[in-house]
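For reference, the structure discussed in these notes is given below.
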Amino acid sequence: MAHLRTLRVDYNRTTRVLYVVGSECTVNLDRSAPPSSKFFSVKHTADVQYTINPPPSEADHLSPIPLNDNTVLLFSLKKASEEENDNKLSVRYYGKDKEVLGNAVLHLTAVEISLDVDADRDGIVEKNNPNKGCWKWGPDGHGAIILVNCDSERKWHKLDLERDYIDRESDLKDMTPMVLRTKGPANLPEGYKLTMHISQGDAKSIRVYRYVDEIGGSVYYKYPLLLHTACLSDKVQYVGGTAESKFYVEGLRFPDKDFDGLVTINLSLLEPIGPGIPETPIFTDKIVLRVAPWIMTPNTLRPEEVFVCSTSDNRTFLKEIKSFVAKSGHRLKICHEYMNRGDRWMQDEMEFGYIDSPHHRFPVVLDSPRDKGLADFPYENLLGPDFGYVTKMAEQDEVNSLDSFGNLEVSPPVTVNGKNYPLGRILIGVAFPTAVQGRNMTQVVQDFLWAQKVQDPIALFSDWLLVGHIDEFMTFVPAPDKKGFRLLLASPDAGYKLFKSLQNQGHGKAALFDGVEGEKPIAVDDILNDEDLQDDNNYVQSCIDWNRDVLKRELGLDEGDIIDLPILFKLERETDEVRAVAFYPDLVNMLVLGKNLGIPKPFGPKVNGRCALEAEMRSLLEPLGLSCTFIDNFASYHQLHGEVHCGSNVRREPFDYKWWNLEV
């Protein structure tokens, strides 16, 4: 739709008009006519086009046209002017007897003005896209995208967005290019000016820099800050002839509870009225952009780096994890003791994700609010060029174990009741709906995750666990068929079924923990005869079954998509709360590197020299083309209520799928 502009003109005088190509000007002829006017006629130069509303009859076109109180002249110009006032339009007014009563003359200067971004999301800033002023999701959608400038181009650690200047041109790739295109005479008529402006609310989310072509100037002076919280509007230079002025839009914050991710940048042409009187806008062009969301990566994506901690007591674990990662063909990064300060829970400290746009993408680590020994690791050791950082701060008295990111996972892509989730769905653990004093993930983190929109979160029930993390009872592994993955669930029922089978086969004396230093072996018969343990696991199974139903419903799964792993739990009753921990190393808490699975070594009952639990895991997972490696984390992790997954973390490749193609 063309930009509409109402003009006031006076008879017996010349009105100078600055016209923006692509707009349509309207003049109410009766309002500007001399008294007693009954007819009018129009003359114009070749580049002026006009229509009259209501349209005159064919006969009226050959003589002065009748004038009434709603006669409107609409005109436009085909192209930009080469000189000021090089187009003319005049209206002659006539009386009852068609005598001339006066003339209204317009001297027209036409300019082309377009504030442009990559609205069609192809990586190119096209000219005057008709959809640039709104934002639409989907493969046929439109609207430009901004990245939060949350990496650091410098050696010292400070987010680029924490500085309101550009001193390295490499920083520009993290920003969204914007171009002001103009065409017209050498100068605007006296008093006219162009301004760019944003709202106070949007200034919290973006900054705008302009490019100044100064040969030999430093980067700092080449990209001065234009719009920010202290300057919401500023003049921009009009350059005569055919010109392009470059700008860069910097994202400052992610979508959140109080920010839907959309921002607007306006460019206005202001007209002078008189000395001491404010200018008025006669034309405004606008663009709407969306800040790119933070996106998590599931187990089914290819690993790029594996992270673990080195501590004084995890040498066996570290040796075996090194061998496993090397066999899988991936890079291992070790966080040493001086850096982790005795905190071994790499999974709990952070979650890897990324941000993406048509012009650039890079990994971004989400730092949890738990703030223990590893608190500084994501910021001090991961933040850097093209590696971003974000955290959500919470009051420390609000933070509990459920705020650790073993309690934050994401599913592979799924389709649920015809709705596609090509980036999967985020999973978090919370308290059971009826709990009055239950633990929950802190609200600021939940609000952040829900606000990203593209991985519609699901709340699971995890407060029944002592540690309270969903990775203690579930994970995903790749599969060559069906949906491309399987959901693995801890299952006490599967555990009892296995142990009863061993007993029926005459292996009731085979024992758990046989040969484990400091642990008393427990025979299969003793496990099956322990009624209290059976009661504990009946409760645990009911908790897992609740989550099973939620996952089946929210991820569109059937029973064939789920594999039950033989894992028993026990209830801790040392506090007022009764919560569960794994009875032996929690097999589901594994490290997934493609088809290679690093599984906690369970030290299960041996039959013919083989661990029955390991054998069962192989029989369940190897038919999917998966390779099982069992890693000894008993003393260094299991006895501290964690396992392999808790003590490791993986940065993975981003999705090929582009988030802006989602139907939201």
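The values are calculated or read from the model by the stated rules, or taken from the named source; none is laboratory data. All figures in this text were calculated on a predicted structure; none of them were measured in a lab. When we count neighbours, we look across all protein chains shown, and the Cβ atoms used for this are built from the backbone with ideal geometry, even at glycine.
Summary table below
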quantity	calculated
Among the candidates 577, 559, 554, residue that is surrounded by fewer than 17 Cβ atoms within 10 Å (Cβ to Cβ), of a type outside the set (Phe, Trp, Tyr), closer than 26 Å to residue 413 by Cα and in the same structural domain as residue 426 (by TED's automatic domain parsing)	559
Checking residue 219 against (1) in contact (Cβ under 8 Å) with a residue 12 or more places away in the chain; (2) exposed (fewer than 14 other Cβ atoms within 10 Å of the Cβ), the condition it does not meet	(2)
Candidate set: segment 226-261, residues that are part of a loop (DSSP other than H, G, I, E, B) and small (Gly, Ala, Ser); chosen: the one surrounded by the fewest Cβ atoms within 10 Å (Cβ to Cβ)	230
Candidate set: segment 501-538, residues that are small (Gly, Ala, Ser) and at pLDDT 95 or above; chosen: the one surrounded by the most Cβ atoms within 10 Å (Cβ to Cβ)	510
Residue check for residue 372: in the same structural domain as residue 306 (by TED's automatic domain parsing), in contact with a Pro (Cβ under 9 Å, 6 or more places away or on another chain) and more than 17 Å from residue 650 (Cβ to Cβ)	no
Members of segment 303-337 that are touching a helix residue (DSSP H, G or I) at 6+ places or on another chain (Cβ under 7 Å) and either touching a residue at least 40 places away in the same chain (Cβ under 8 Å) or outside the structural domain of residue 387 (by TED's automatic domain parsing) (or both)	306, 307, 308, 309, 311, 335
Residue within segment 283-302 that is more than 30 Å from the chain's Cα centre (by Cα), outside any loop (DSSP other than H, G, I, E, B) and either assigned by TED's automatic domain parsing to the domain that holds residue 206 or at negative phi (or both) present	yes
Tally of residues being hydrophobic (A, V, I, L, M, F, W, C) and touching a Pro at 6+ places or on another chain (Cβ under 6 Å) across segment 104-149	1
Contacts under 7 angstrom Cβ, first residue in segment 527-540 being in the same structural domain as residue 461 (by TED's automatic domain parsing), partner β-branched (Val, Ile, Thr) and surrounded by 15 or more Cβ atoms within 10 Å (Cβ to Cβ), 6 or more apart	533/527
Test: residue in segment 544-555 that is closer than 22 Å to residue 401 by Cα and among the aromatic types (Phe, Trp, Tyr)	yes
Residue satisfying all of: in segment 408-460; touching a Lys or Arg at 6+ places or on another chain (Cβ under 9 Å), β-branched (Val, Ile, Thr) and farther than 20 Å from residue 540 by Cβ; surrounded by the fewest Cβ atoms within 10 Å (Cβ to Cβ) among these	415
Top-ranked residue in segment 262-278 [being of a type in the set (A, V, I, L, M) and assigned to a strand (DSSP E or B); ranked as surrounded by the fewest Cβ atoms within 10 Å (Cβ to Cβ)]	262
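Every residue, every condition in (1) surrounded by 15 or more Cβ atoms within 10 Å (Cβ to Cβ); (2) over 54 Å from the mean Cα position of the chain (by Cα); (3) in contact (Cβ under 8 Å) with a residue 40 or more places away in the chain, yes or no:
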residue	(1), (2), (3)
6	no, no, no
15	yes, no, yes
20	yes, no, yes
32	yes, no, yes
46	no, no, no
64	yes, yes, no
68	no, yes, no
79	no, no, yes
83	no, no, yes
